[in-house]
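Below is one structure; the comments refer to it alone.
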Amino acid sequence: MWTLQSSRAFLIGIVTLLVLMLAGCSGFKRKSDIPDNLSAAHRDFARATDYYQRGCFQQALDAYQAAHERFSALDNRRGVGLSLEAMANVYHHLDDYQSALLLYDEALAVFSGPDFKSQQIYVMANKAAALVSSQQLDAAEKLMEQARSFARMQGTSPILLERVEAIVLLRRNKTQQAASILEKALARAESEAPDQTGALIFTLARAKQAMGQSRQALELYQRCLEQDRRQSAHDQIAEDLAAIAELYASGDNPCQAVDYFKRAAKIEALLGRNQRAVVLTTKMTSLAGSCGIDPTAADFFISRWASGKSQTDICR
């Protein structure tokens, strides 16, 4: 069973928030146009987003909190709402659904006025994704219908809505329908919003895997891996490697999974996510014996890094 609690699931929203942050009601388009009294808050938000993209979620949460405090002190409603949504996305990733849903609702309250209709759509989509993760599918579908209604009234069709709709369909085991939506959204994103392609490709790979189309799924996961390497997205690299490992482990060449489990576990250990590192290491070692592979060296490094004895902090 695959889950949705990856940074990739909400990175579209986070990056979009950073773009929206630079296009406020005063018409600021460039960072150089931001007034001095807002520049520190914007720097905190951008710093948080960098942490988020690298998979450094506690650091991201701290920096988003700093941005929220600055925006609150200035009574900048757009900044207050966007920072609330960003924090909710991080809590969702950390599986703290209660905190995530609370902050999504607070962001929706901030964005309740007519000047923030587009922001409301994004918050509703991200909240719907959190409802899916917390097994509240009926509530998620109801909220998605509301978000689509808002989008129709504005004459827009955000790609994030399509991806969340596909996620709901995957949870309903409507895999073919989900794949169709994702393929169309990906075709749009490649020309309209290239920064959103990664999340769509990964979700489409999950759909293809569920449909038994292993070769297509593998090709999509490998596309994600190359893209995430270029962006130094540690968390997502680990997720890509783990997905490829699971694909191999369930197929005709399970021994190929060992190396991918190892590489994913090492990244998780460096990120300090020891529970994930342990799960991946266990899978690695259980396969290694039957494949004639000695995992001792890999296990040494994973154990050392998981205990905090690494020589570098990749979240610094």
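Per-structure values
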item	result
Single unsatisfied condition, Met21 versus (1) at pLDDT below 50; (2) farther than 28 Å from Ser134 by Cβ; (3) aliphatic (A, V, I, L, M)	(2)
Residues being of a type in the set (Gly, Ala, Ser), surrounded by 22 or more Cβ atoms within 10 Å (Cβ to Cβ) and touching a residue at least 60 places away in the same chain (Cβ under 8 Å) - total across the stretch 112-147	2
Ser157 being surrounded by fewer than 21 Cβ atoms within 10 Å (Cβ to Cβ), polar (S, T, N, Q), over 16 Å from the mean Cα position of the chain (by Cα) and part of a loop (DSSP other than H, G, I, E, B)	yes
Test result for Leu271, more than 20 Å from the chain's Cα centre (by Cα), buried (at least 20 other Cβ atoms within 10 Å of the Cβ) and not hydroxyl-bearing (Ser, Thr, Tyr)	no
Only listed residue being surrounded by fewer than 22 Cβ atoms within 10 Å (Cβ to Cβ), free of Cβ contacts under 8 Å to residues at least 60 places away in the same chain, assigned to a helix (DSSP H, G or I) and not hydroxyl-bearing (Ser, Thr, Tyr), chosen from Ala109, Ala63	Ala109
In the stretch 253-289, residue farthest from Asp313 (Cα to Cα) [restricted to those that are among the charged types (D, E, K, R) and touching a helix residue (DSSP H, G or I) at 6+ places or on another chain (Cβ under 7 Å)]	Lys283
Residue match in the stretch 120-131 (condition: closer than 21 Å to Ala210 by Cα and either at pLDDT 95 or above or touching a helix residue (DSSP H, G or I) at 6+ places or on another chain (Cβ under 8 Å) (or both))	yes
Within the stretch 230-252, considering residues that are acidic (Asp, Glu) and in contact with a helix residue (DSSP H, G or I) (Cβ under 8 Å, 6 or more places away or on another chain), the one farthest from Ser286 (Cα to Cα)	Asp235
Checking Gln58 against (1) modelled with pLDDT of 90 or more; (2) among the polar types (S, T, N, Q); (3) buried (at least 20 other Cβ atoms within 10 Å of the Cβ); (4) within 21 Å of Ile237 (Cβ to Cβ), the condition it does not meet	(3)
Boolean, Ala257 is among the hydrophobic types (A, V, I, L, M, F, W, C), touching a Lys or Arg at 6+ places or on another chain (Cβ under 9 Å) and either without any contact (Cβ under 8 Å) to a residue 24 or more places away in the chain or closer than 30 Å to Ser286 by Cα (or both)	yes
Of all residues making up the stretch 160-189, the number that are exposed (fewer than 14 other Cβ atoms within 10 Å of the Cβ) and in contact (Cβ under 8 Å) with a residue 40 or more places away in the chain	0
Only listed residue being out of contact with any strand residue (DSSP E or B) (no Cβ under 6 Å at 6 or more places or on another chain), hydroxyl-bearing (Ser, Thr, Tyr) and buried (at least 20 other Cβ atoms within 10 Å of the Cβ), chosen from Tyr97, Tyr52	Tyr52
Search result, residues across the stretch 190-215 that are in contact with a Ser or Thr (Cβ under 7 Å, 6 or more places away or on another chain) and either surrounded by 22 or more Cβ atoms within 10 Å (Cβ to Cβ) or of a type in the set (Phe, Trp, Tyr) (or both)	Ala207
Any chance Ser83 is surrounded by fewer than 16 Cβ atoms within 10 Å (Cβ to Cβ) and of a type in the set (S, T, N, Q)	no
Failed item in (1) in contact with an Asp or Glu (Cβ under 9 Å, 6 or more places away or on another chain); (2) under 30 Å from Asn274 (Cα atoms), with Val123 passing the rest	(2)
Residues (under 26 Å from Ile314 (Cα atoms), among the aliphatic types (A, V, I, L, M) and in contact with a His (Cβ under 9 Å, 6 or more places away or on another chain)) located in the stretch 61-83	Ala67
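For (1) in contact with a Gly (Cβ under 9 Å, 6 or more places away or on another chain); (2) β-branched (Val, Ile, Thr), each residue gets a yes or a no:
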| position | (1), (2) |
| --- | --- |
| Ile237 | yes, yes |
| Ala243 | no, no |
| Ser250 | no, no |
| Leu271 | yes, no |
| Met284 | no, no |
| Ser290 | no, no |
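The values are calculated or read from the model by the stated rules, or taken from the named source; none is laboratory data. Just so it is clear, the model here is predicted, and its values are computed rather than measured. Using ideal geometry, Cβ is built from the backbone for each residue, glycine included, and neighbour counts are taken over all protein chains shown.
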